[in-house]
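Report on the following structure.
Laboratory data are not the source of any read-out in this text; all were calculated from the coordinates shown. A quick note: this is a predicted structure, and the numbers were derived from the prediction, not measured. Cβ placement follows ideal geometry from the backbone for every residue including glycine, while neighbour counts extend to all protein chains displayed.
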Amino acid sequence: MHRIPLPPGFLWGAATSAHQTEGANENSDWWALENMPGSFCEEPSGQAVDSFHRWGEDMDLAADVGLRDYRFSIEWARIEPEPGVFSGEALEHYRHMIEGALHRGLRPLVTLHHFTCPAWFTGWADPAAPDLFARYVAQVAGILEGVEHVGTINEPNVVAAFPRLLAQGGLAEGLPEPEEALAQGLASAHRQARHVLRAALPEVRVGWSVSVQDYQPDLPAVAAAAAYLYPRQTRFLQESRDDDWVGVQAYTRIRLVLDGDVVRPAAPGSSAQRTQTGWEYYPAALGGAVREAARVVGAVPVIVTENGVATGDDGQRIAYTHGALTALAAALDDGIDVRGYFHWSLLDNYEWGSWGPTFGLVSVDRGTFVRSPKPSLAWLGRVGTSGLIPSLEPSQR
Ligand code: FCB
C-alpha cells in the first residue's frame, strides 16, 4: 500500500474525445479521411461507441465508482457544420452534457479541439485559422457556465507533426519535428481562444494539453537533447506560461542517442515490452513527463489530462496505472504542482484509424453498444477516494 498525497480539490477522472466515441461525425475532416478511397485508416469510426446518445450512461459508469471529474471534448464540426453557420441543436446537446456531468457530481474538463476539424476548415497554416477557431470558441463560451477547466487544443505538437507522423508510421520512435507554420497557427489560435474565454467567463481556467513523453537522453546526447526537444514539446509547454494550467499527456519513454552530432530516438531494445500501439511499456513515464513540464512552465500548475495503456489484459492496465501513479505520487511528494489526473480512456474507442488498441476502463460491444466495466475502473475509483495505491497482487506484477 502506498499513499498518493492528493491535494484538496485534486481532479480525479477519466477522459474521452468526441470523434473517438460519439459516432457519425460526418461533417469532420477525419470522417472524410477515413472514408476516402485508399485511406491510411485501416477502418472507419462509423457509429463509434454511440456516445452521442449514450453519454449519460458513460458518465454514470464514471460517477458510480467515485470518479469526480470527466474530460470530454466538444466537436467543432457539429457546432459549425458550414463556415459561419452555427447549430443551436449541437450547442444545446453539449450544454446538456455539461449539466448532466454536474448533476452527477462530475466536474467537466472540456476540450474544444481534439484532433478533428470541420471538413471545410483549410488547416492551421491558413492565416485565417486562428480567427476562425476564435469565432467557434466564442459560440461555445455561451454554454460553458459551471465548467471550471477548459482546454483549447489537444496535443498541438502532435497536430503540427501529423503529416510527418503519418509518413513515419506512428509515435513508437518519437515525434517527428512539427511543421513550423502549423505550430505557429496552433499557438496563435490558442492565444486567441484563451482571450475569448477569459473575456466571456472570468472564472474559467484555461490551458491546453501537450503530448509530453519521458525523453531520456543517454549521456553523450544530454547537451544536444534540449535543441531536439524544443520544437517537439518545449515550445508548446512554454506557450502555457500565460495559461491557468498545462495539460500533460504521457504514455511512454523515448530514449535519445547521439548519432554523429545528430540526436535521434533509439528504438526500444529487443527485450523491451511493447503495448498494442507499439509503444514501450514504461509506466514510470508519467513521473518524468510531469517533472519536465513543471520545469518548463514554472509556476503554472500541471494537470495530467491523459495517461494510460493499450492492452487487452486489464491486469496489465492496473499494473501500468499502479506504476504511473506511484511515479506521480513521488513527484507530488517532491513538491511538483500537479492538480489532477485523467486516465485515458474511460471507454475502448476509435484509435485514429483502427479499433485495435484498447485503452478503456470499460469495454464496449460494437454491435449492441453494451458497456462492460473492467476491474481497472473500480480500481481507479478506489485510489481516488482512498488516496491509497494498493499493492499489486503477485499475478498482476
Ligand atoms: C493521444 C490522443 C488520444 C488517444 C491517445 C492514445 O495522443 O490525444 O486521443 O488517441 O493518444
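Here are some notes:
- Here, P(r) means the percent of Cα pairs in each 5 Å bin from 0 to the largest distance; for the stretch 102-244 it is 2, 9, 18, 20, 18, 13, 9, 6, 3, 1, 0.
- With the gyration tensor restricted to C-alpha atoms of the chain, the semi-axes of the equivalent ellipsoid amount to 28, 26, 22 Å, longest first.
- Rounded Å value of the spacing that divides the Cα centres of the stretch 1-25 and the stretch 254-282: 27
- Residues 317, 235, arranged from fewest to most other Cβ atoms within 10 angstrom of their Cβ, appear as 235, 317.
- Mean projected area (nm²) of the alpha-carbon convex hull when the stretch 1-65 is viewed from all directions: 7.3
- Percent of alpha-carbon pairs separated by more than 17 Å within the stretch 1-139: 64
- By the helix-only formula, in which each DSSP H run with n ≥ 4 contributes -39500 (n - 2.57) and the sum is divided by residues, the chain has a 222 nm mean residue ellipticity of -11500 deg cm²/dmol.
- Whole-Hz couplings from phi, Karplus 6.51/-1.76/1.60, listed for the stretch 135-151; x for Gly and Pro: 5, 5, 4, 4, 5, 5, 3, x, 10, 9, 3, x, 8, 8, 10, 10, x
- Look at 388, 165 and count the other Cβ atoms within 10 Å of each Cβ; fewest to most, that gives 388, 165.
- Of the GluC sites (Glu not before Pro) found in the stretch 164-256, those in coil by DSSP whose Cβ has at most 11 other Cβ atoms within 10 Å are 203.
- Alpha carbon convex hull of the stretch 180-284, projected area averaged over orientations, nm²: 8.7
- Average projected area [Cα convex hull, the stretch 200-257], square nanometres: 4.6
- The simple spin-label model puts a point 7 Å past each Cα toward its Cβ; for residue 354 and residue 271 those points are separated by 2.7 nm.
- Close amide H pairs (under 5 Å, H built 1.01 Å from N) link residue 256 with 216, 218, 266, residues at least 5 positions away or on another chain.
- Close amide H contacts of residue 107 (hydrogens built in the peptide plane, cut-off under 5 Å, sequence separation of 5 or more or a different chain): 69, 70.
- Sorted largest first, extent of the stretch 225-281 alpha carbons per principal axis (Å): 42, 32, 11
- The 3J(HN,Hα) values that the Karplus relation (6.51, -1.76, 1.60; θ = phi - 60°) gives for the stretch 43-53 are, in residue order, 8, x, 7, x, 7, 6, 10, 6, 5, 4, 9 Hz. Gly and Pro appear as x.
- Rounded if a/c under 1.5, otherwise prolate or oblate - the stretch 79-136, Cα gyration tensor axes: prolate
- Residues residue 26 and residue 370, FRET efficiency given R0 of 25 Å [Cβ-Cβ distance, rounded to 0.05]: 0.55
- Between residue 246 and 302, 303, the built amide H atoms are under 5 Å apart, and every one of these is 5 or more places off in sequence or on another chain.
- DSSP bridge orientation in the chain - percent antiparallel, rounded to nearest 5: 25
- Farthest positive-ward along the chain dipole, Cα basis, beta-carbon charges - from 13, 369, 115: 13
- With q set to 0.10, 0.22, 0.24 Å⁻¹, the log10 of I(q)/I(0) for the stretch 62-162, from the Debye formula over equal scatterers at the Cα positions, is -0.29, -1.17, -1.31.
- This model, with +1 at the C-beta of Lys and Arg and -1 at the C-beta of Asp and Glu, gives the stretch 1-128 a dipole about its Cα centre of some 740 debye.
- Stokes-Einstein translational diffusion, the stretch 281-389 - Kirkwood Rh over all Cα pairs, 0.692 mPa s, 37 °C, in µm²/s: 222
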